[in-house]
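Asker: Take a look at this one; I'll ask things after.
The values are calculated or read from the model by the stated rules, or taken from the named source; none is laboratory data. Nothing here was measured: the structure is a model prediction, and the numbers come from that model. No Cβ is skipped: glycine too gets one built from the backbone with ideal geometry, and neighbour counts run over all protein chains shown. Heads up: the accessible areas ignore ligands, DNA and RNA and are worked out on the full protein's heavy atoms, side chains in. Shrake-Rupley method; radii C 1.70, N 1.55, O 1.52, S 1.80 Å.
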Amino acid sequence: MKKALLTIGFLSLISFSLFAQPITISGRVVDGVGEPLSSASVTIKGTLRGTLTDSEGYYNINASRGDILIFSFVGFKAKEALVEDNPTINMTLDEQLDLGEVLVVGSRNKSRTVLETAVPIDVLDVSELLAESPQVNLNQLMNYVLPSFSSSPQIVADGTDHIDPASLRGLGPDQMLILINGKRRHTSALLNVNGTPGRGSVGTDLNAIPAAAIERIEVLRDGAAAQYGSDAIAGVINIVLKKETDNLDISVQTGAQTSANGNNFDGGVDGEDFQLNINRGLAIGDQGGFINVTGSINTRNRTSRSGEFTGEIFNGYNAIEWVAYQDGANLQTLQTDLASIQQYAAGVTHFSTDLKNSIAAASDIATVQALLSDSDGNPVDYSDAELEARGLDRGDFRMNIGQPEYREGKLFANFELPIGESTLYSFAGISNRRSVGFAFYRRPTQERAYTPLEINGFRPEGHTFVKDRSFAVGIRQNIAGWDTDLSTTIGANTFKFWAANSLNATLQGASPNLFDSWNTFFQQTTSNFDVTRNWPDTFAGLNVAFGAEYRIENYRILEGEEASWATYDIDGNVVADFNQLADSLKVVDFFGRPRVGGAQAFPGFSPSNAVDDYRQSFAGYVDFEFDFTDNFLVGTALRYENYSDFGSTLNFKLASRLSFNEAISVRASTSTGFRAPSLHQLNFSSISTQFDSEGIGQQVLTARNTSTVVQNLGVPQLKEETSLSVSGGFTLLLLDLGITLSVDGYYTGIEDRIVLTNQFSQDDFIANGDDDIASILEGARANKIQFFTNAIDTETMGIEAVASHQTNVLGNWRLTNDFAFSYSQTKRVGDINTSDLLADYEEIYFDGFSGVLLEEAIPQTKMNLATAISNRNWTFLLRNAYFGDVKEAETYEVNGVDVHPVYSGKVITDLSAIYRYSPQLSFTVGANNLLDIYPDRRPDDLTSGNQFIYSRRIAQFGSNGRYVFTKVTVGL
């Protein structure tokens, strides 16, 4: 018996060994018409081992008899095959709607697809979008494809010119969380403090990520703070990087604005751009390892859409200066030299004889000042006569209003390496962007100009260098049936700013024209440990996940050079308090108006503004998804988060989906959320001297919320914003007809939203009898003050619909129609949360200007309809995007009433054609805004002297007009 048992055991061992002996399986993966599928996934079911197909669809993988291979590819139905004796397994995958893709975001169930989620999710195939669309950066790609997403380039908005704010569902740029490969992305170092949409917020610089490095973008349109933490109030955008191997793809695109309004309404071409993308993928090992690297170079010239300036350019003293300038006189001493003024005034050809005689008879400078001023004491306008005398025209004094020019280089890499039952992964990115924006022209008649250095005034330029760095590393393992993921992600953004072609008027002739104004820096380090397990046989499926996150953040403001921020007296000494400076020591222009200190247009940060602050946070979460039946899903999540600077929060999410049949499902969710105040909002400060209409200097302070002056005003310290979100909708899936439809409604209530107040004035306090409040500002040596505070509550409600239809027509042509619609409305509700001391100043806490920026400056209604028809060699795309009405934040007077203009909605048409000469070579031509549509023009009263023809206070679709492009793509 013993020998028999040993013999049976020995034979069983031999049999098992033979059966489990690894063999190399090879084959080819193609689509329904026999075209190879490059980078299709081939994995061994129940393991982390797998590989990707090469550019011709071929693969090799080591497997054992009895293993099951899973073949999958984005946009196709996955299939399985049993490994038997045949070492060759070829596979044909059938195309399905993109909505069937397996997700990274929105669910921690690794097999969950868009069709199966309890919340609305969009999936964008970026490679397809880049091939077809005129847009080349992420913000604009999503702005034209996703109605719930809004982003529009800003103009003449200082730093905001160079990083486009973006929003989801009409909420703020900082209420939308960005992930890359499921890992939290750091935000920008720039705080948006100008009067444009997103004022007071910090967003993520999406344009630092090369679109050519991206496989797809997943957009979760639902509150998700209980799953992903702070910022995910409006939703989450997850960017999935490419995994392709054995490829070298090169694309070159060039284009320009060809608009009737180009070049300051003269027409023609401007805004020329060029983009070069190179993507290279290499397989590593034979278990599906890879490295995929993308390099991108972008250049773009500026555009300009300014009218001819109609305001005051020259005064009478400027006319005298011009005669002196031509004679080679010393202009720096001229304004105090009565004899020279009288000498050169006689040479001004357009002065009347009486005026010349009166100047010649003047006994002092004050008399000449009076002769060249009107009855209100303002300089008389001699612009038209002086323009003729100098051989200039008003066009020479235009602002540059349009997109800034820039040069940008980006490099991203994505890496995975299976090692046994583990997978090591990493991704990293570098982005450098140099750009040039512009500010208001400093005209000779203004005290902020200094004509002895710039006789015809000057137009300041803002030169920026935005540097972005990121690196992530992690390891995925299966431990006792649990999938684990341990990772660390480091990201940093630096925003460096120079003021060029500028000057510090209080330095007079000693002023430089280039200033190192400021440098801001933000770094975020996030470590995650995530654990997931799925039990397919518990109910109809049970997925359990839990994990922890630890995050460190650092925000810095570095001071600029002294001349960039300082005001000097006539002896060249830095003025500590302008209000206490004796009049005899003030630097003034000819008419006695005090000159402005700091670099014109872009003053720097002073030592008192410099900061280097850290904070840390810790979070833990649990997440359950119960498929009670094949048709009924319930998901829930709970997350605890603790911040070192304001305390802790606990948030939950509950979501469910019920399928009545294969075609119709309903879904709903509710969740709480939060957004921690950013380090930028907690630490930003600045002070500058501004002059009112009477030439009186005003010290304007943007104070830290924690500063003594703000605390003395009774303003509470910043705390987190909290939210409650509710959504519900249905999906209709008629897959046999190629039709999908989803409709979702939502509500998001946010309490204690953080805003940047308007300016509280010491003069207003005194006029209202609040001398005690005025004394607080006086103690801070400030005439005006603004600060960040949790001031308002808001409610946002909306509805979204997404429909898609795919079918074959005319034999081998594929017709795709995609329609999307979004309507959202945000309203402030309840009282403004003022401090007790400032209870009578609600309109300054949150005024009408800020209200419009928050509620109506971005389109409440957006929709698009895209139709694409394609075959093996051709693709034609026609897309119409509707951008709804927007309201101007500024007002003008109509019949004695201040009115916010409303600009009507517009339809923007894109058209493109792709010809694929071969699988390796394609050509694309097309246009964005084919019909050269512009926003409505501003009322004349709001154009700043015919300069801002189109509003800079809205985010609709921009004001550059038609863009045409051509692109060549080569695959090697």
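So that you can scan it fast, the table gives a plain yes or no per residue for (1) closer than 29 Å to residue 825 by Cβ; (2) within 23 Å of the chain's Cα centre (by Cα):
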| position | (1), (2) |
| --- | --- |
| 878 | no, no |
| 887 | yes, yes |
| 893 | yes, no |
| 959 | yes, yes |
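Asker: Do you know which residues across the range 722-744 are hydrophobic (A, V, I, L, M, F, W, C), in contact with a Gly (Cβ under 7 Å, 6 or more places away or on another chain) and under 12 Å from residue 120 (Cβ atoms)?
Answerer: 743 - this is the single residue of the range 722-744 that is hydrophobic (A, V, I, L, M, F, W, C), in contact with a Gly (Cβ under 7 Å, 6 or more places away or on another chain) and under 12 Å from residue 120 (Cβ atoms).
Asker: In this structure, is residue 800 open to solvent by 30 Å² or more (accessible area, probe 1.4 Å), within 20 Å of residue 171 (Cα to Cα) and in a strand (DSSP E or B)?
Answerer: In short, no.
Asker: Would you mind stating whether residue 807 is polar (S, T, N, Q), touching a Gly at 6+ places or on another chain (Cβ under 7 Å) and at pLDDT 95 or above?
Answerer: no
Asker: Just name the residue that is surrounded by the most Cβ atoms within 10 Å (Cβ to Cβ) out of those in the range 712-729 that are farther than 20 Å from residue 831 by Cα and modelled with pLDDT of 95 or more.
Answerer: Among those that are farther than 20 Å from residue 831 by Cα and modelled with pLDDT of 95 or more, it is 725.
Asker: Show me the strands (runs of 3 or more DSSP E) found entirely inside the range 858-961 where at least 2 residues are open to solvent by less than 20 Å² (accessible area, probe 1.4 Å).
Answerer: Qualifying strands (runs of 3 or more DSSP E): 861-870, 874-883, 906-918, 921-928.
Asker: Does the range 566-596 hold any residues that are more than 18 Å from residue 783 (Cβ to Cβ) and open to solvent by 70 Å² or more (accessible area, probe 1.4 Å), and which are they?
Answerer: Matches in the range 566-596: 570, 571, 573, 584.
Asker: Tell me whether the range 307-314 contains one or more residues that are touching a helix residue (DSSP H, G or I) at 6+ places or on another chain (Cβ under 7 Å), in contact (Cβ under 8 Å) with a residue 24 or more places away in the chain, open to solvent by 30 Å² or more (accessible area, probe 1.4 Å) and not in a loop (DSSP other than H, G, I, E, B).
Answerer: Scanning the range 307-314, I find no residue that is touching a helix residue (DSSP H, G or I) at 6+ places or on another chain (Cβ under 7 Å), in contact (Cβ under 8 Å) with a residue 24 or more places away in the chain, open to solvent by 30 Å² or more (accessible area, probe 1.4 Å) and not in a loop (DSSP other than H, G, I, E, B), so the answer is no.
Asker: Further question on the same structure: Residue pairs, Cβ under 8 Å, 6 or more apart or interchain, first in the range 244-263 and hydroxyl-bearing (Ser, Thr, Tyr), second surrounded by 17 or more Cβ atoms within 10 Å (Cβ to Cβ) and part of a helix (DSSP H, G or I). List them.
Answerer: Final answer for the pair search is 251/130; 251/212.
Asker: Could you list, in sequence order, the residues of the range 357-366 that are under 19 Å from residue 323 (Cβ atoms) and under 57 Å from the mean Cα position of the chain (by Cα)?
Answerer: Selection gives 359, 365.
Asker: Which of the numbered conditions does residue 223 fail, given that it passes all the others? Conditions: (1) assigned to a strand (DSSP E or B); (2) modelled with pLDDT under 95; (3) under 20 Å from the mean Cα position of the chain (by Cα).
Answerer: Going through (1) assigned to a strand (DSSP E or B); (2) modelled with pLDDT under 95; (3) under 20 Å from the mean Cα position of the chain (by Cα) one by one, residue 223 breaks only (1).
Asker: Let me ask something else. Does at least one position in the range 167-183 carry a residue that is surrounded by fewer than 24 Cβ atoms within 10 Å (Cβ to Cβ), among the basic types (Lys, Arg) and in contact with a helix residue (DSSP H, G or I) (Cβ under 8 Å, 6 or more places away or on another chain)?
Answerer: There is no residue in the range 167-183 that is surrounded by fewer than 24 Cβ atoms within 10 Å (Cβ to Cβ), among the basic types (Lys, Arg) and in contact with a helix residue (DSSP H, G or I) (Cβ under 8 Å, 6 or more places away or on another chain).
Asker: Can we say residue 205 is open to solvent by 20 Å² or more (accessible area, probe 1.4 Å), out of contact with any His (no Cβ under 6 Å at 6 or more places or on another chain) and not polar (S, T, N, Q)?
Answerer: For residue 205, the condition - open to solvent by 20 Å² or more (accessible area, probe 1.4 Å), out of contact with any His (no Cβ under 6 Å at 6 or more places or on another chain) and not polar (S, T, N, Q) - is not met.
Asker: Looking at the range 329-373, which of the residues that are part of a helix (DSSP H, G or I) and of a type in the set (Val, Ile, Thr) is nearest to residue 595 (Cα to Cα)? Lay out the reasoning, then the answer.
Answerer: Here is the first cut: in the range 329-373, the residues part of a helix (DSSP H, G or I) are 331-334, 338-345, 353-361, 365-371.
Among the residues that remain, those that are also of a type in the set (Val, Ile, Thr) are: 333, 341, 353, 359, 365, 367-368.
Working: 333: 16, 341: 21, 353: 32, 359: 25, 365: 18, 367: 21, 368: 20 Å.
Of everything passing the filter in the range 329-373, 333 is nearest to residue 595 (Cα to Cα).
Asker: Exactly one of these conditions fails for residue 200: (1) in a loop (DSSP other than H, G, I, E, B); (2) farther than 21 Å from residue 752 by Cα; (3) open to solvent by less than 10 Å² (accessible area, probe 1.4 Å). Give me its number.
Answerer: (2)
Asker: Select from the range 822-848 the residues that are assigned to a helix (DSSP H, G or I) and out of contact with any His (no Cβ under 9 Å at 6 or more places or on another chain) and list them in ascending order.
Answerer: As a first pass, look at the range 822-848 and keep what is assigned to a helix (DSSP H, G or I): 836-838, 842-845, 848.
Those that are assigned to a helix (DSSP H, G or I) and out of contact with any His (no Cβ under 9 Å at 6 or more places or on another chain): 836, 837, 838, 842, 843, 844, 845.
Asker: Sticking with this one: Looking at (1) crowded, with 17+ Cβ neighbours inside 10 Å; (2) in contact with a Ser or Thr (Cβ under 6 Å, 6 or more places away or on another chain); (3) under 28 Å from residue 605 (Cβ atoms), which one does residue 552 not meet, given that it meets all the others?
Answerer: So the condition that residue 552 fails would be (1).
Asker: With respect to the numbered conditions (1) modelled with pLDDT of 95 or more; (2) of a type in the set (S, T, N, Q); (3) more than 25 Å from the chain's Cα centre (by Cα), which one is the sole condition not fulfilled by residue 524?
Answerer: Residue 524 satisfies every listed condition except (3).
Asker: Out of (1) part of a helix (DSSP H, G or I); (2) free of Cβ contacts under 8 Å to residues at least 40 places away in the same chain, the odd one out for residue 376 is which?
Answerer: So the condition that residue 376 fails would be (1).
Asker: Related question: For residues that are without any contact (Cβ under 8 Å) to a residue 60 or more places away in the chain and assigned to a loop (DSSP other than H, G, I, E, B), tally how many sit in the range 173-197.
Answerer: Going through the range 173-197 one residue at a time, the tally reaches 2.
Asker: Looking at (1) in contact with a helix residue (DSSP H, G or I) (Cβ under 9 Å, 6 or more places away or on another chain); (2) assigned by the TED database to the domain that holds residue 239; (3) at pLDDT below 95, find the lone condition where residue 406 falls short.
Answerer: Of the numbered conditions (1) in contact with a helix residue (DSSP H, G or I) (Cβ under 9 Å, 6 or more places away or on another chain); (2) assigned by the TED database to the domain that holds residue 239; (3) at pLDDT below 95, the odd one out for residue 406 is (1).
Asker: So which residues in the range 337-358 are under 18 Å from residue 445 (Cβ atoms) and surrounded by 14 or more Cβ atoms within 10 Å (Cβ to Cβ)? Show your work before the answer.
Answerer: Step one: of the range 337-358, the residues under 18 Å from residue 445 (Cβ atoms) are 341, 344-345, 348, 350-351, 355.
Those that are under 18 Å from residue 445 (Cβ atoms) and surrounded by 14 or more Cβ atoms within 10 Å (Cβ to Cβ): 341, 344, 345, 348, 351, 355.
Asker: Would you call residue 408 in contact (Cβ under 8 Å) with a residue 24 or more places away in the chain and more than 30 Å from residue 41 (Cα to Cα)?
Answerer: Here the answer is yes, as residue 408 does meet what is asked.
Asker: Of the residues 380, 368, which is β-branched (Val, Ile, Thr), crowded, with 18+ Cβ neighbours inside 10 Å and assigned by the TED database to the domain that holds residue 344?
Answerer: 368
Asker: Looking at the range 702-721, which of its residues are hydrophobic (A, V, I, L, M, F, W, C) and in contact with a Gly (Cβ under 9 Å, 6 or more places away or on another chain)?
Answerer: 709
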